[in-house]
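Below is one structure; the comments refer to it alone.
No lab work stands behind these numbers, since they all come straight from the coordinates. What you see is a predicted model, and the numbers here were worked out from it, not measured in a lab. As a convention, Cβ positions derive from the backbone with ideal geometry for all residues, glycine included, and neighbour counts pool all protein chains shown.
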Amino acid sequence: MLFGVLFGGDRNEIASVRLQILNGRAEFSLAENVETWTPAYSDQTFLTGDTIRTIGNSRVSLEFLGGNVVFLGPETEFKISELEQKSSGKKIFLANLIKGQIWARVSDDDFGGDQKSQFTIETDRLKLYVRGTIFSLSAIDVQNVIRLIKGSVDADILDGEEDPQNVKVGVGQKLVVNDENLQKIKNNEDVLEIIDNEFIESEWHLQNLDRFLPQEAAQIRRRIEISAAKTPISQILENPNGEEMPSPVITFPKSGDQILASQESLKIEGTAPENTVQIVVNDYTLTKFLPGDRKWSYFASSKFGTLVPGENTFTVMAISRDGRKSKPASIVISYAGEAVTPKKNLNDAIESSINSFSAPVVLKPTVLSHDEPYQTSAPVVTISGLVDPKTNAVEINGFKLKKFTPGQTEFQYIANANYGNLKEGENPFKIMAFGPDGKTSETEIIIHYSPMLVGE
């Protein structure tokens with residue numbers, strides 16, 4: 001009987017919330033069984049009265065009423081209080097953030113302007129009225145924080161009084177609701193602040209923003225890269241407490257390896273010690289490395305001046321949450337590329353690349369010369385490489401890569417003789433990147449396939 005209650009039966013799914021587990025795991029408790037928590041799965045749907053919670057360092061998304069999305073962060077509990085779509089077109093979504101943090105994108109078409117639809121979220125300290133917006137809300141311990149990225153929200157401050165006080169939060173503003181600010185609000189003092197840069201540059205915000213405003217997210221990441229490039233490694237190396245954490249390990253390539261001139265780019269990979277929150281390579285902080293990750297990677301490129309002819313030294317350092325820094329691990333790589341007009345420094349290279357749109361770079365398979373095809377007898381060949389961070393989409397021979405998302409820098413495509421996209425003889429593969437404002441760039445690789453004939 002319990003199975004029927006949990007996964008179907010008489011539950012009406014006309015207006016429902018669809019769950020996607022993006023990282024980690026989640027649990028749910030249905031309105032009919034509020035004391036029972038069950039492991040959740042992607043594409044599961046939920047209705048009024050149901051509660052979803054994330055376990056540990058997890059992240060999930062809830063999509064409902066035609067494109068409205070709420071992301072749940074780590075250790076978050078979220079209850080759907082009311083969910084309805086009327087025949088008149090009016091939509092109602094009422095929810096309760098019991099604890100944790102959410103990031104939401106609410107459609108202006110559904111809830112903006114003078115729409116009669118209602119989107120409301122409550123905590124134990126406030127009631128938030130949302131109208132076509134992007135915002136974040138956290139309820140951790142006895143403090144609530146609202147950050148408004150786009151649109152409009154009003155907040156009723158709940159302090160036990162009969163008539164709650166209302167605060168209108170503007171775009172780019174933050175409202176902190178705690179005991180100290182509660183008294184200021186009662187005294188009609190201004191408690192609104194500018195959104196902190198730490199939040200804007202956080203991976204939590206950028207991962208969510210990537211889905212709806214990828215170009216804006218990419219611009220923020222570039223700004224972080226430029227800022228990181230300006231920080232001398234000599235400043236980072238000073239340990240406040242005199243203790244050092246273990247050095248990171250460089251697993252590929254090996255020190256002393258030589259890189260062919262045709263390669264143009266080099267991927268350096270390794271592992272991080274426990275409790276690492278940042279990895280720094282040659283004064284550059286890896287923006288895609290998340291606190292707690294054990295693996296890291298860094299791309300050096302001749303186009304950006306981070307891979308130059310002759311010897312190249314790469315130093316890698318780990319930083320812990322409490323500010324401890326490791327001794328750098330280092331390798332020396334020889335690059336046989338031709339001399340190019342050098343960039344003044346990495347910062348100049350990054351700034352100059354913001355207004356340009358670089359052509360894709362193929363890392364695998366490795367070709368000895370652009371004038372010669374890659375020779376293989378393997379029926380399956382993986383083509384992978386790098387594209388400009390401003391890339392919105394990648395096509396190979398007119399086929400759009402479905403797993404590529406805007407803001408990514410890596411792409412991958414599989415040529416398979418069994419699928420017909422790898423045939424005997426020469427196979428040209430045209431790789432085209434699509435950027436902002438209609439910009440495109442392309443490169444080409446030729447694979448010569450000579451199948452092995454068994455028995456000859």
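Data for the structure
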item: Net charge over other residues, Cβ less than 9 angstrom from the Cβ of residue 56 (K, R count +1; D, E count -1); result: 0
item: Modelled label reach - residue 20, point 7 Å along Cα→Cβ, the range 41-64 residues with backbone N closer than 13 Å; result: 42-44, 60-64
item: Distant-in-sequence amide H partners of residue 407 (H built 1.01 Å from N, under 5 Å); result: 391
item: Unit charges at the beta carbon, dipole of the range 357-449: most positive-side option, 431, 411, 449; result: 411
item: Net charge, residue 361 excluded, C-beta distance under 14 Å - Lys, Arg +1, Asp, Glu -1; result: -2
item: FRET efficiency, 1/(1 + (r/R0)^6) with R0 30 Å, evaluated for residue 401 and residue 108 via beta carbons; result: 0.50
item: Net dipole in debye of the range 274-336 [+1 Lys, Arg Cβ; -1 Asp, Glu Cβ; about Cα centre; nearest 20]; result: 140 debye
item: Net charge of neighbours whose Cβ lies under 12 Å from the Cβ of residue 412, counting Lys and Arg as +1 and Asp and Glu as -1; result: +2
item: Centre separation in Å (Cα based) which lies between the range 371-424 and the range 270-312; result: 24 Å
item: Distance between modelled label sites at residue 267 and residue 224, nm, 7 Å Cα→Cβ extension; result: 2.0 nm
item: Extension gain (nm, one decimal) between residue 450 and residue 166, 0.36 nm per residue minus Cα-Cα; result: 95.0 nm
item: Residue among 183, 128, 17 farthest towards the positive dipole end of the range 2-212, charges placed on Cβ; result: 17
item: Dipole magnitude (debye, nearest 20) for the range 2-212, charges at Cβ of Lys, Arg, Asp, Glu; result: 580 debye
item: Extension gain (nm, one decimal) between residue 116 and residue 372, 0.36 nm per residue minus Cα-Cα; result: 85.7 nm
item: Residues of the range 371-391 with amide N under 20 Å of the 7 Å Cα→Cβ point at residue 417; result: 373-384
